[in-house]
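These notes are about the structure you will find just below.
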Amino acid sequence: MSRFTSRVFLTVRYLVGLFGLTLTRTSTELTSFRIHAGHGRHDGSTPPPAELAAVLDDRNPQLEELRARYRRLDSPYRPGSFWRRSRRLRDLNLTFFRGDNAYVWQLRQVGDNARLKFFLLAQYISRQDTHKLLERTREDGAFGCWAFDFQGLPTVSRDLLDSVNEMYFLDRHWDLLSRKDFTVLDIGAGYGRLAHRMAECVPGLARYLCVDAIPESTFLSEHYLRHRKVTKATVIPLDEMADRLADERPDLAVNIHSFSEMPLSAIEAWVGLVARLEVPALMIVPNEGDKLLSLENDYLRTDFTPVLERHGYVLAARERTIADPDVRELVGVGDWFMLFRREGATPAPEAS
């Protein structure tokens, strides 16, 4: 299949996935494919912990209160129509929030032959795991997550492999694993996936701040990180963010597959916040390869590179999330890591 045809297929598959469906090729030709329902799927073999079984309910009073608080906000950080409950959030089962859903496409992105593809991913990550991060954090398959066991490897999942891969990118270009006493700001933190993994794997992490404009995310991350006993993480509700971040000076901000789901106005607000906090480094993982595109309410895309430049953020490093071209092609994941540094910002302490 040509490079152009491949890009068209990946674009169509992404757009189809927005509606909770999966597009997979049945031959090397783009004209031969099938669409099947995918949203809300999960592995229910591991029941939710007893103390959370009744809490993870769409009608939970705490969640209803958060929704009401967020609705009352006239906030520039609020997402566009893409994350309305009638669209993106219909692709979410609160009880099994780590399944294949709005937060992580556990299976949807890799398509058919998931076990084989996860084996290739696990082998690829384990080859670069010089700090033994796969042994520092574990996967138990809780909350609907698909976990895979392979001989000679720890149990893995999309959650775990993505997180370890992201940490190694940050280590290569930001000395993550050797830094001391630093703070991370996670914009669009979701259910707290990276906060959980980084707290377990990175000894020098002092604080991890989770912010998100989606009330379901605030609700889930509070309960999930408490369940995982992640004491270094703090979940900050959107309506408390201005006061609670006023005196913070995070060393690193991360945005994983989140700016790509916002309109330009919201991206402008978030990047402006990061600049006001004088955050010297910003990691972004976009949804469209290495293209930095917003998602407007009419589904048009706009390049948000000028927003980063206007606030002083200049590209310092970019890498494919899977460097091995054979693994990348076989798995079908074409994402990129990007690290931006702020010109004129006070640098974070040097690695010891």
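Observations, loosely collected:
- Complete set of residues in region 303-334 that are in a loop (DSSP other than H, G, I, E, B) and at pLDDT 95 or above: PHE304, HIS311, GLY312, THR321, ILE322, ALA323, ASP324
- Subset tally (residues that are touching a strand residue (DSSP E or B) at 6+ places or on another chain (Cβ under 7 Å) and on the phi > 0 side of the Ramachandran plot) for region 96-144: 1
- Hits in region 56-74 - residues which are open to solvent by less than 30 Å² (accessible area, probe 1.4 Å) and in a loop (DSSP other than H, G, I, E, B): LEU56, ASN60
- Total residues in region 268-286, condition under 10 Å from ILE187 (Cβ atoms) and either in a helix (DSSP H, G or I) or modelled with pLDDT under 95 (or both): 4
- Of the residues in region 241-258, at least one is in a loop (DSSP other than H, G, I, E, B), crowded, with 17+ Cβ neighbours inside 10 Å and charged (D, E, K, R).
- Failed item, numbered, when ARG85 is tested on (1) under 28 Å from LEU264 (Cβ atoms); (2) modelled with pLDDT under 90; (3) touching a helix residue (DSSP H, G or I) at 6+ places or on another chain (Cβ under 9 Å); (4) surrounded by 15 or more Cβ atoms within 10 Å (Cβ to Cβ): (4)
- Neighbours by Cβ (under 6 Å, 6+ apart or cross-chain): first from region 50-76, closer than 30 Å to SER265 by Cβ; second open to solvent by less than 80 Å² (accessible area, probe 1.4 Å) and aromatic (Phe, Trp, Tyr): LEU63/PHE219; LEU66/PHE219
- Here LEU161 clears all of (1) buried (at least 21 other Cβ atoms within 10 Å of the Cβ); (2) under 18 Å from TRP336 (Cα atoms) except the condition numbered (1).
- Where LEU116 falls short, out of the listed (1) among the hydrophobic types (A, V, I, L, M, F, W, C); (2) buried (at least 18 other Cβ atoms within 10 Å of the Cβ); (3) at pLDDT 90 or above: (2)
- Subset of region 169-196 (residues that are farther than 30 Å from GLY80 by Cβ and open to solvent by 10 Å² or more (accessible area, probe 1.4 Å)): ASP171, ARG172, HIS173, ASP175, LEU177, SER178, ARG179, LYS180, ASP181
- Test: residue in region 262-273 that is free of Cβ contacts under 8 Å to residues at least 60 places away in the same chain, open to solvent by 10 Å² or more (accessible area, probe 1.4 Å), touching a Phe, Trp or Tyr at 6+ places or on another chain (Cβ under 9 Å) and among the β-branched types (Val, Ile, Thr): no
- Residues within region 294-320 that are more than 16 Å from LEU282 (Cα to Cα) and either aliphatic (A, V, I, L, M) or surrounded by 18 or more Cβ atoms within 10 Å (Cβ to Cβ) (or both), tallied: 3
- The listed residues are THR183, THR155, and the only one of them that is closer than 24 Å to PHE97 by Cα, at pLDDT 95 or above and among the β-branched types (Val, Ile, Thr) turns out to be THR155.
- Selection within region 216-229: residues that are open to solvent by 20 Å² or more (accessible area, probe 1.4 Å) and not basic (Lys, Arg). The member of this set that is nearest to GLU278 (Cα to Cα) is GLU222.
The values are calculated or read from the model by the stated rules, or taken from the named source; none is laboratory data. Predicted, not measured: the structure shown is a model, and the values here were computed from it. Every residue, glycine among them, receives a Cβ derived from its backbone with ideal geometry; neighbour counts consider all protein chains shown. Only protein heavy atoms, including side chains, enter the accessible area calculation; ligands, DNA and RNA are left aside. Shrake-Rupley method; radii C 1.70, N 1.55, O 1.52, S 1.80 Å.
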